[in-house]
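Data block below; observations after.
Every read-out reported here was derived from the displayed coordinates using simple, explicitly stated rules and does not represent laboratory data. Bear in mind that the values here come from a model prediction, so they are computed numbers and not experimental data. Here the Cβ positions follow ideal geometry from the backbone for every residue, glycine too, while neighbour counts run over all protein chains shown.
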Amino acid sequence: MRKTHKKLFGSRVVKTGVAVFLTSLICQWLNWPAVFAVITAIVTIEPTVNDSIKKGIIRFPASAIGSAYAVFFISLFGNSPLTYTAAAIFTIITCFKLKLHAGLLVATLTSVAMIEVIHDHYLIAFFIRLGTTSIGLLVSTAVNMFVLPPNYSSRILTNIDTALANTGEELKAIAKDILFQTQDCAQRVRVQETFAQLKKKLDTTDKLLHYQQSEAKYHRLSKELKQELQDEEEKLTALRLVHYHIGNLINTPLEDITWTKEQCTHIVTTVQALADTMENPDSFRIQQHRQYIKNLMEQFWQCKKEEQLIYKEDPSTFFNPEIVILYELLSIYHLVEQMLNTNDEQTKKASLH
C-alpha cells in the first residue's frame, strides 16, 4: 500500500496538478480556452527545471507552427477531414525538418484540436493559441522550479549502495562458480544477467546524477551539498570501473589456470572478504583491507616471475589468466577502498557537525 501511495502522489504528480490548476485559473480570468494551455502545462513538467526550459523553447515555436497550419487550412477547406489531415501532416513534416522533435506531439495535437473550435476571426484565434501556450509553458516551468524542486540525491545514494551490494554478490558467484570452473551453466547465465542489470542500474543512476547537476544551475547549493554531489559522482565513476573489471573477469579464458587448490581457496577467501565489505560497508576496516591487498600483490608478483620464465621459452605468450585475474581483483580492491574511504570521511564530517 505504501508503494502505491508514493507512486500515485509523487512530486511530479503534485506539480502537474498545481500547474494545471494555475494555468486553467489564469485562462479563465483572461476568458481564453484553457484546454490548449493545460495540454502544454502537463507535458512541460519535466524531471528537471533545465529540461522544462529547454523543451519549452522548442515547444513554443512548434505549437505556433501547428496553430498556423490549423488556421490556414480551415480558412481553405473549412471544418472537413481534409483540414485535419493536411494540418497534422504539414505540422509533423515542418517540425521534423526544423528538428523541433520535443514539440512535435504537442504541436500536432494543438493543430488538430484547434480546427474544432475555430469558426471565425482566424488571426485572433491564432494569437490566443500562442498566448495559451505561453501561459502553460511559463506556469509549468515556474511550478517545476519553486514547488517541490527536484532532488535526486537520496535516490542516487540508494542506487549506489544497492549496486555496490549487488556487485559484491556477483563477485562471490564469479569466484566460486566461474573462476574455478564449477561448470554450473545456470549460475553463469545468472551472472551474465546480473551483470546486465547492474549496467542498467548504473545508467539510471548516471541519468539521475545528470538531473541533479542540472538542478544545481537553478538552485544555490550549500558547500556541503556541492561536496555531496561531487562525492556521488566519484562513487558512481568508481562503480562503473568496478563493473568494467568484473566484465573482464567474466570474459577471461580460464581453461589453463595452473593454481593449486590451496591458491584457489586463498583467492576465494580474499574475494569473499571483499564481497562482504561491499555488501556491508560499515564493516570496512582499512588495515584488514590492505592486508588482503598485500597478499594479492605477493601472489601477483609470484605469477609475474613465473610468466617471465614462460616468456623466455615462448615470446609469443600473452598475459596468462592468473595475472589477469589478480590484476582485476587488485583493481577492484583499490576502487572499493576509494569509495569506502569517502564514506568514512563523510561520516566523520557529519559527526563533527
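For the chain, the longest principal axis of the alpha carbon atoms and the long axis of helix 49-77 meet at an angle near 40°. H101: net charge of surrounding residues, Cβ under 14 Å, Lys/Arg +1, Asp/Glu -1, itself excluded? So the surrounding residues net to +4. So what is the calculated 222 nm ellipticity per residue for the chain, using -39500 (n - 2.57) for each DSSP H run with n of 4 or more, over all residues, to the nearest 500 deg cm²/dmol? Dividing the helical sum by the residues of the chain leaves -27500 deg cm²/dmol.
Add +1 for every Lys or Arg and -1 for every Asp or Glu among the other residues with Cβ under 12 Å from the Cβ of I246, and state the total.
It works out to a net charge of 0.
What list of whole percents do you get for P(r) of region 45-172, with Cα-Cα distances grouped in 5 Å bins up to the one holding the largest distance? Per 5 Å bin, starting at zero, the Cα-Cα P(r) for region 45-172 comes out as 2, 11, 17, 15, 13, 10, 8, 7, 5, 5, 4, 3, 2, 1, 0 percent. Sorting S67, S153 by the number of Cβ atoms found within 10 Å of their own Cβ, with the fewest placed first, yields S153, S67.
Given axes a ≥ b ≥ c from the Cα gyration tensor, I'd like to know whether region 67-140 is rounded (a/c under 1.5), prolate (a/b larger than b/c) or oblate. Cα axes put region 67-140 in the oblate bin. Modelled this way, with points 7 Å down the Cα-to-C-beta line, the labels at I89 and E234 are 6.0 nm from one another. Sorting T265, T167, T16 from the fewest to the most surrounding beta carbons within 10 angstrom yields T265, T16, T167.
Charge tally for E298 (other residues, Cβ to Cβ under 12 Å; Lys, Arg +1; Asp, Glu -1): +3.
Once semi-axes √(5λ) of the Cα gyration tensor in Å is calculated for the structure shown, the corresponding label among [x] 44, 26, 17; [y] 53, 22, 18; [z] 59, 25, 16 turns out to be [z]. Taking other C-beta atoms within 10 angstrom as a stand-in for reagent exposure, M145, M114, M339 fall in the order M145, M339, M114, fewest first.
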